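I have placed the structure first, in the form of structure tokens, so that the comments after it can refer back to it.
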Amino acid sequence: MLSFIICLAILIAGYFVYGKIVENTFAPDDRETPAVKINDGVDYVVLPQWKLFMIQLLNIAGLGPIFGALSGALWGPVVFLWITFGTVFAGAVHDYFSGMLSERNNGVSISEITGIYLGGVMKNVMRVFAVVLLVMVGTVFAVGPAGLIQLLCKNSGAAETSLLANKLFWLILILVYYFIATFISIDKIIGKVYPVFGICLLIMAVGVVFGIFTKGYHIPEIWNNFSNNHPKGTPIWSMMFVTVACGAISGFHATQSPLMARCLKSERQGHFVFYGAMVAEGIIALIWAAAGCSIYSGAELLELGAGGPKAVYDICSKTMGGVGIILAMLGVIACPITSGDTAFRSARLVLADWFKIDQKEWKKRLVLCVPVLGVGAVLGIGNCLGKIDYNVIWRYFSWTNQTLAMIVLWAASMFLFYEKRNYWITVVPATFMSAVSITYFFMASECLHLSTAIAYPAGIIAAVLFLGIFLYTIKCRKTAPHYDTLNK
């Protein structure tokens, strides 16, 4: 239990100490923000700081810090270290720079940001990556809540024959909501209902951790379990680092941060909104990882489906019961829904930036909303009918997630180089995530599926190569003509 408390304290201290260092490195000023300068009443709208934080948190939270953290608990309490240090030194840094770089460039999508700092080729790569990732996220975060609602109906005694129809009904209802939230102004639904969903999210997190402490569950200590406890022996490197994405670092967040970058009244709000929301998500992930480690053995958790609806339902039941389980399940259902709607919204904006389609007119928004939601509907219904495996979608989502995060951190490093600031605060996590992403690509069953003897060296070599390319590039650009105006 002491391990959990120490990690929680590091997360909170990280926000105030390292978060301030990151903010000072970026150096926010009093320039006019896109929300004030552009203000189109649809995507560029000034919102209060507390709403910015709550919307950002719910945008990025989703199923990741819950399902991902529970899956990470299969490796034992060693996952606490990744959640804690990954959040403070990588995830929150990534979220802050993805938001603030968008804010500095009129709120454009992360793919366009990448093009500004890494060139046209990477911009096109990121455009494809971002759209694919966002559609997968939207699908996962539509199927997941529908499955949770189906589970609630099953546990209440609903007939087996009606469960599929029930899941399809809720899936279609969620997708209809996603369409509306993607289409209309950001302050009409998202700005109004998110605070309510936020209350559910907070009750869920507080209720679970309170239940762990009061009902006699013992959170194992890291120093007594500093080993791979996965029941199948799945390697920690790099499988755990990809499995636990949203609770430590997630490229998906870079697609969400521009939404709030378009709504900031002042650059100085970035520390609280972007860095702070990621730390809050890390705390949520830490709580769920602790629940998985304390309530179950690895084999028991694996039998329950690890990061699936059954495990979530069972934990809520064991830690709260009664009214608490209803509130908690509402929180768990609300989390993915509040990420799914903004995932599809972000996909619309990425495509709008890509093809230069103005989004102020409703007809032009409709042109992008229909195909984006259509693809999500096909994938979601395919999963319900057993034609598409949810776990396969999740694994591809996870790897795409971490690869996108790697690219964003390299783009942030180039920005800091141009601004003559300490680029190592992003270079170090960028190099680390390069090793994670490439290693996973070589060893994962859905990718190349090679042995660790090949995958481990390949990941390290790739990370060193990327670092070398960055250092060589900045060395060349220091000697380029008009170096001082390259990023102006």
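The values are calculated or read from the model by the stated rules, or taken from the named source; none is laboratory data. Just so it is clear, the structure is predicted and the values come from calculations on it, not from any experiment. Heads up, the Cβs are rebuilt from the backbone with ideal geometry, glycines too, and the neighbour counts pull from every protein chain shown. The area values use the complete protein model at the heavy-atom level, side chains included, leaving out ligands, DNA and RNA. Shrake-Rupley method; radii C 1.70, N 1.55, O 1.52, S 1.80 Å.
In whole Hz and in residue order, list the ³J(HN,Hα) couplings for region 85-99 that follow from phi through the Karplus curve 6.51 cos²θ - 1.76 cosθ + 1.60, θ = phi - 60°; x for Gly and Pro.
Rounded to whole hertz, the list is 6, x, 5, 5, 9, 10, x, 5, 5, 4, 5, 4, 6, 5, x.
Just subtract the alpha-carbon distance of Glu361 and Glu303 from 0.36 nm times their residue separation and send over the number in nm, one decimal.
The span from Glu361 to Glu303 would gain 15.8 nm if fully extended.
Over region 10-161, calculate the relative contact order: mean separation of alpha carbon pairs under 8 Å at least 6 apart, over the residue count, as a percent.
Averaging sequence separation for qualifying contacts and normalising by length gives 22 percent for region 10-161.
Each residue of region 109-118 in order: what ³J(HN,Hα) in whole Hz does its phi give by Karplus 6.51 cos²θ - 1.76 cosθ + 1.60, θ = phi - 60°, with x for Gly and Pro?
Result, rounded to whole Hz: 5, 5, 5, 5, 4, 4, x, 4, 9, 10.
Would you mind getting the accessible area per residue of the chain, heavy atoms of the protein chains only, 1.4 Å probe, in Å²?
Numbers: 18060 Å² over 488 residues.
Ligands and nucleic acids excluded, the figure is 37 Å² per residue.
When the dipole is taken about the Cα centre of region 202-281, and only Lys, Arg (+1) and Asp, Glu (-1) are charged at their Cβ, what size is it in debye, to the nearest 20?
180
Mind checking which lysines have their Cα closer than 25 Å to the Cα of Lys363? Skip sequence neighbours fewer than 8 apart in that chain.
Lys37, Lys188, Lys192
With a point put 7 Å past each Cα toward its Cβ, work out how far Ile12 is from Ile189 in nm, to one decimal.
3.7
From the C-alpha gyration tensor of region 21-125, pull out the three semi-axes of the equivalent ellipsoid (sqrt of 5λ each), sorted largest to smallest, in whole Å.
They are 29, 18, 15 Å, listed largest first.
Largest first, how would Glu303, Glu32, Glu103 line up by accessible area (1.4 Å probe)?
Values: Glu303 160, Glu32 110, Glu103 5 Å².
Sorted descending by solvent-accessible area, the residues read Glu303, Glu32, Glu103.
Just to verify a number: what accessible area does Met443 come out at with the full protein assembly present, 1.4 Å probe, Å² rounded to tens?
Its heavy atoms expose roughly 20 Å² to the probe.
Suppose each label sits 7 Å from its Cα in the direction of the beta carbon; what would the Lys420-Ala453 distance come out to in nanometres?
The modelled label-to-label distance comes out at 5.2 nm.
If each Cα of the chain is one equal point scatterer, what is log10 of I(q)/I(0) from the Debye formula at q = 0.12 Å⁻¹?
The calculated log intensity ratios at q = 0.12 Å⁻¹ are -1.04.
Just need the Rg to Rh number for region 220-298, please, alpha carbons only, Kirkwood Rh.
On the way: Rg = 16.5 Å, Rh = 15.0 Å.
Reported Rg/Rh, Kirkwood definition of Rh: 1.10.
Dipole of the chain, Cα-centred, from +1 at each Lys and Arg C-beta and -1 at each Asp and Glu C-beta, to the nearest 20 debye?
680
Just to be sure I follow: if Rg is taken over the C-alpha atoms of region 73-138 and Rh is the Kirkwood radius over the same atoms, what is Rg/Rh?
1.11
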